[in-house]
Structures are given as C-alpha cells and as structure tokens.
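In what follows, a structure is listed as structure tokens, so that the remarks can point back to it.
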Amino acid sequence: MKTYKQNRELVIPGELLAEGDYLLGEGTFRKEDKVYSSLLGLVDSKERFIKVIPLSGKYMPHPRDLVIGVITDIAFSNWSVDLNSPYTGIISISNATERYIENGEDLSKIYNIGDVVLAKVIDVSQSMVVGLTMKDRGLFKLREGRLITISPTKVPRVIGKQGTMVQMLKTMTGCKIVVGQNGRVWIDGKNANAAIEAVRLIEREAHTSGLTDKVKEFLEKELGSSASSNTSKLKPKKVEEKEEEKTDGKE
Amino acid sequence: MGKSSDIKLITDGKRIDGRKPNELRPVKIKAGVLERADGSAYVEVGGTHAIAAVYGPRTLHPRHLVNAQKAVLRTKYDMAPFSVDDRKRPGPDRRSIEISKVTREALEPVIFLEQYKKTGIDVFIEILQSDGGTRVAGITAASVALADAGIAMRDLVAACAAGKVDDTVVLDLCGKEDNFGQADMPIAYAPNEDKITLLQMDGDFTEEEFETALKYALDGTKRIYELQKKALKERYEKNE
C-alpha cells in the first residue's frame, strides 16, 4: 500500500494514484497492482478506499438519487422524463401517485408535458432505462418557483457537508430550495434572485476552499442591499407544504 | 510532399525556421476555451492552430447507431476555408474524412466507452490555421477536450510528427518541410499505457531512419503530454 498523491490533489486521466490493495471508487481503475485515475478531478482517499471526485461530466443515474425531471412525453402507461442526463427516466403508472388511477383516465391531468417533478430513482436497468417513482415521502410536482441547471458534479458542493450549505441558503434567503442530484436546482421565494446568484457562485468556485464563508459574505451583501429595493410582488405560494428535507445528505 | 525543388531545407544543421532537427515548434495548449461545449481545448503548434470541442456523452441520433454495450465515438476533422494560403473549399472532402477516421481510431482505445453505453460522444476538431501537422495538433486538442468534458479515460493521447527533409530525420515538420520534404510520419501515443494509437507514413525512410524518426516522435509526444497535463491542471488551479 503506497500512495503517490495527496488527498485533494488535482489529477488527470492516466495518472498513477497508488499501489496496493485499495478499494476502488469512482474515477479510478486498476492495472496489475497499480491504481490510476480515469478522470480529471481531485483525489479522495480514506484508509483503504480511493476515488477521484470529478470536476466536470454528465449526470449518471444511480438508485435512490433524488432528481428533478421534466416530463417530455406521455405513453399508454408511463411518462418519459428528461433528467439532464444521457439517459431518459420513466415513471410508470404504478409509481406515479399514491392513489388509484382509473382505467382510461387522462394521464396528462396527472403529469403533463412540461411539468417539473421531484422524483426518486428506483432502478437503473442493464439497458439503461431509468425507473423513477413519485410514491415516496416528499416527492411532488414543482408548480411555482424557478428552475436552474448547474453542473451535476457541483451538486455535492451546493448541498454541503450534511446539507449545511443548502441549509444556510434556505435560512438566509428564506427560499424553498430543492437540489436534485442531476444538477437541477429549484428555488422558490422572495429572494430567489439572490439565492440563484449564490448557487452560481458555488458552481463557479466549487473547487476552492472556504466556500461557505464566501457564500455567506456574498448573501449578506446581496440581501442587505436588495432589502430596500425589494418591490417584487410574488404571489403567496401554495406549494404543497410537505417538508422538503430530501436534499440527500450525500457529501 | 514529393515535389522536388531547389529550396534548401537544412543549412548548417539548422532548419528553415532555425530549429535543430529534434526540436519542437513552440507549443501552447489551453483547456476549457468554449462556453457551450461539454469540454474543449485550443492547441497551437507554431503556425498550426487547432480547436477541439467535445459534446456528450449524450443521447445518440440516429437511433440505429446506438450500441447497447458501449458509447459511440464520432469525430469530425474540419479545416476552415481561411486556414490555408489558397482558400479551402468548405465541407468534408476525401482528406478530412480520412483524418476524422484515424483520429477516432487514435482516441477510441483510451476512452472507457463501456461506461457510457447507449450514448454518443461527439468530437469536433476545427483547424483555424494550418502550417503542417494539423492532424496531430487536432488529436492533441481532442484528447485534452475529452478530459475536460469529464469523460473517463485510461490515458491522454499526445500526438506529434517526425519526418525526413534533405536526407535528415527531423521532428515536427512545418508546412514547407511537409511540402518539400521526403517523408512525414504522424504518431499518436498514450504515454502511461505505452501504446501507439496512430502511425501513418508518407514518403520513404530506410530502416534506420524509421527507428530514429520513431524515437524523435515518441520523445516529442512525451513533451507534448507534459504540456497537456499542465493545461488541464491550470484550468482549475489558476483561480485558487
């Protein structure tokens, strides 16, 4: 067991990371006894475990991920969902709602094309069909608010350790925020503009240290100056009052 | 190549642009130059300027090309009409279709295509200015762009040419040396894998000359590899 790279060191594809009996995580591969990086990213190793945190790339669906999807098509017994990924999600009738769906019911009344939903990945088949469900606590259709897209690799930074970053964004801006693992962020509330700018700041500076402080400073400045000029008349929202602690504590 | 001429390409051991036989032209590489591409890179090798853009992995169209086992890599090499002295007629021609194909084959072995099954990865290489060695500059740029796009790879591919002018083996031919020289041999090489992924040859070498040219070219690709590495790291380390 020998490491050639320090933790958090930037590596490129093909760089030698370590030698010996490691457990390999994402972004690494083994050739004989040696472990190499397969991605451009930061090394992350704990004891026997080694992986590379990517800095760019597309969203690859995994079971239990919380994602924000856009309905793109309605078929006889399922909905197709765009996941901001190379693969499309499918919500089948049995996973669409808690209630019973009548035979011959108009499916577009439940989810129509263009609707935005907060869903959960239940399985990813061999043929890369991504099964989604809406039948879980805190999954719902996102009716108002704004949807922005960030790089999926920056999602863990927006969420923060044990969700500290989103928690701070929520309390400081008073917005409702949902972060999907697929890089879509839904923001609803009076200070949505400030919150969006903060998320963009996190995206831009995701690989730097002291990010929480920078964001805090930014929001204090932003909210301090916008408080006086806040004339935006947002209608009182009637989004389902389900608690939204589903940001998935993935670091 | 081929056209014999009175131009003297080597005088007192110096080449027409003043280089030594095994010297590269100044190389500049920058990663992440395009806003809207998933990954991109810009490469300058002397007077040859190339830009590469990567899109994907993304849903592949037309659907009949989809491979259930792995991603489909598609490459397009294209020369801008203004990249050469006499305007090049825009669009694909026999030469650029061939270069697109060999570029794809030079990159395919290093990409973990099986990690992105049923998708397509598109690589576009645009030659903005040409002064010899455009296909190798294109491959060098494409490899950096792929890494920048966050695509899993076994290694980077660095590419470089060697050739023969005035009966001397030289590294990295410029446009004139390419036109009036005796041989040109572009090579793409994955240094950590220790694999040559492209080797073409135009002209003639003796066996010894070939060995020297190969040695020169591999040495050149290793130097270019270091610059590729630097370019990728600079992309993220600059603003820290």
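Cβ contacts < 9 Å: first residue more than 20 Å from B:Ala158 (Cβ to Cβ), restricted to the range B:197-225; second residue of a type outside the set (Asp, Glu) and in a helix (DSSP H, G or I), any location; separation 6+ or different chain. Result?
B:Phe205/B:Thr212; B:Phe205/B:Ala213
I'd like the residue in the range A:30-64 that is crowded, with 20+ Cβ neighbours inside 10 Å and of a type in the set (Phe, Trp, Tyr) and, out of all such residues, is nearest to the other protein chains (Cβ to nearest Cβ).
Among them, the one singled out is A:Tyr36.
Could you go through the range B:170-179 and let me know if any residue there is modelled with pLDDT under 95, charged (D, E, K, R) and open to solvent by 10 Å² or more (accessible area, probe 1.4 Å).
yes
Go through A:Ile187, A:Ile202, A:Ile177, A:Ile196 for me and flag whichever is outside the structural domain of A:Ile91 (by TED's automatic domain parsing) and touching a Phe, Trp or Tyr at 6+ places or on another chain (Cβ under 8 Å).
A:Ile177
Looking at (1) open to solvent by 10 Å² or more (accessible area, probe 1.4 Å); (2) under 15 Å from B:Lys176 (Cβ atoms), which is the only condition B:Leu9 fails?
(1)
Identify the residue in the range A:172-185 that is part of a loop (DSSP other than H, G, I, E, B) and within 30 Å of B:Asn67 (Cβ to Cβ) and, among all such residues, is most open to solvent (accessible area, probe 1.4 Å).
Here the answer is A:Gln181.
Can you confirm whether B:Val110 is within 14 Å of chain A (Cβ to nearest Cβ), of a type in the set (A, V, I, L, M) and buried (at least 17 other Cβ atoms within 10 Å of the Cβ)?
So B:Val110 passes the test.
When you scan the range B:38-85, how many residues do you find that are crowded, with 20+ Cβ neighbours inside 10 Å, within 13 Å of another protein chain (Cβ to nearest Cβ) and assigned to a loop (DSSP other than H, G, I, E, B)?
Count: 3.
Let's see how each residue does on (1) over 16 Å from the mean Cα position of the chain (by Cα); (2) open to solvent by less than 20 Å² (accessible area, probe 1.4 Å); (3) at pLDDT 95 or above:
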| site | (1), (2), (3) |
| --- | --- |
| B:Asp93 | yes, no, yes |
| B:Ile97 | no, no, yes |
| B:Phe124 | no, no, yes |
| B:Asp155 | no, yes, yes |
| B:Asp166 | yes, no, no |
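With the requirement that a residue be within 26 Å of A:Glu203 (Cβ to Cβ) and away from every other protein chain (no Cβ under 12 Å), what does the range A:65-79 give you?
A:Asp65, A:Leu66, A:Val67, A:Ile68, A:Gly69, A:Val70, A:Ile71
Name the strands (runs of 3 or more DSSP E) wholly inside the range A:73-171 in which the number of residues that are open to solvent by 40 Å² or more (accessible area, probe 1.4 Å) is 3 or more.
Correct list: A:116-124, A:146-149.
I need every pair where a residue in the range B:60-86 that is in contact (Cβ under 8 Å) with a residue 60 or more places away in the chain and farther than 30 Å from B:Gly47 by Cα has its Cβ under 9 Å from the Cβ of a residue that is open to solvent by 50 Å² or more (accessible area, probe 1.4 Å) and of a type in the set (Lys, Arg), sequence separation at least 6 or different chains.
B:Leu60/B:Arg74; B:Leu60/B:Lys118
Kindly check whether there is at least one residue in the range A:207-215 that is outside any helix (DSSP H, G or I), within 29 Å of A:Leu83 (Cα to Cα) and modelled with pLDDT under 90.
Yes.
Given the condition touching a Cys at 6+ places or on another chain (Cβ under 7 Å), closer than 29 Å to B:Arg74 by Cβ, open to solvent by less than 40 Å² (accessible area, probe 1.4 Å) and in a helix (DSSP H, G or I), answer yes or no: does some residue in the range B:224-239 qualify?
Yes, the conditions are met somewhere in the range B:224-239.
From the set of residues in the range A:135-157 that are touching a Leu at 6+ places or on another chain (Cβ under 8 Å) and not basic (Lys, Arg), which is farthest from the other protein chains (Cβ to nearest Cβ)?
A:Gly138
List the residue pairs whose Cβ atoms are under 6 Å apart, where the first residue sits in the range B:7-24 and is outside any loop (DSSP other than H, G, I, E, B), the second is among the β-branched types (Val, Ile, Thr), and the two are 6 or more positions apart or on different chains.
Going by the 6 Å Cβ cut-off, the qualifying pairs are B:Ile10/B:Thr168.
How many of the residues making up the range A:1-29 are in a loop (DSSP other than H, G, I, E, B) and within 12 Å of chain B (Cβ to nearest Cβ)? Give the steps one after another, and end with the answer.
First, the residues of the range A:1-29 that are in a loop (DSSP other than H, G, I, E, B): A:1, A:4-9, A:12-15, A:20-22, A:25-27.
Checking the rest, the ones that are also within 12 Å of chain B (Cβ to nearest Cβ) come to A:8-9, A:12-15, A:26-27.
Going through the range A:1-29 one residue at a time, the tally reaches 8.
What's the total number of residues in the range A:34-50 that are assigned to a strand (DSSP E or B) and of a type in the set (A, V, I, L, M)? Step through it out loud before you land on a result.
Pass one, the range A:34-50, residues assigned to a strand (DSSP E or B): A:34-37, A:41-46, A:49-50.
From the residues that got through so far, the ones that are of a type in the set (A, V, I, L, M) too are A:35, A:42-43, A:50.
Residues flagged as assigned to a strand (DSSP E or B) and of a type in the set (A, V, I, L, M) within the range A:34-50 amount to 4.
Since A:Ser226 meets every condition but one in (1) at pLDDT below 90; (2) open to solvent by less than 80 Å² (accessible area, probe 1.4 Å); (3) closer than 20 Å to A:Ile148 by Cα, which condition does it not meet?
Here A:Ser226 clears every test but (3).
Being within 12 Å of chain A (Cβ to nearest Cβ) and exposed (fewer than 15 other Cβ atoms within 10 Å of the Cβ) is the filter here, so list the residues in the range B:189-223 that pass it.
If the condition is that a residue be within 12 Å of chain A (Cβ to nearest Cβ) and exposed (fewer than 15 other Cβ atoms within 10 Å of the Cβ), then B:Asp194, B:Lys195 are the ones that fit.
The values are calculated or read from the model by the stated rules, or taken from the named source; none is laboratory data. Computed from a predicted structure; not experimentally measured. Backbone-built Cβ (ideal geometry, glycine too); neighbour counts: all protein chains shown. Heavy atoms of the whole protein, side chains included, go into the accessibility calculation; ligands, DNA and RNA do not. Shrake-Rupley method; radii C 1.70, N 1.55, O 1.52, S 1.80 Å.
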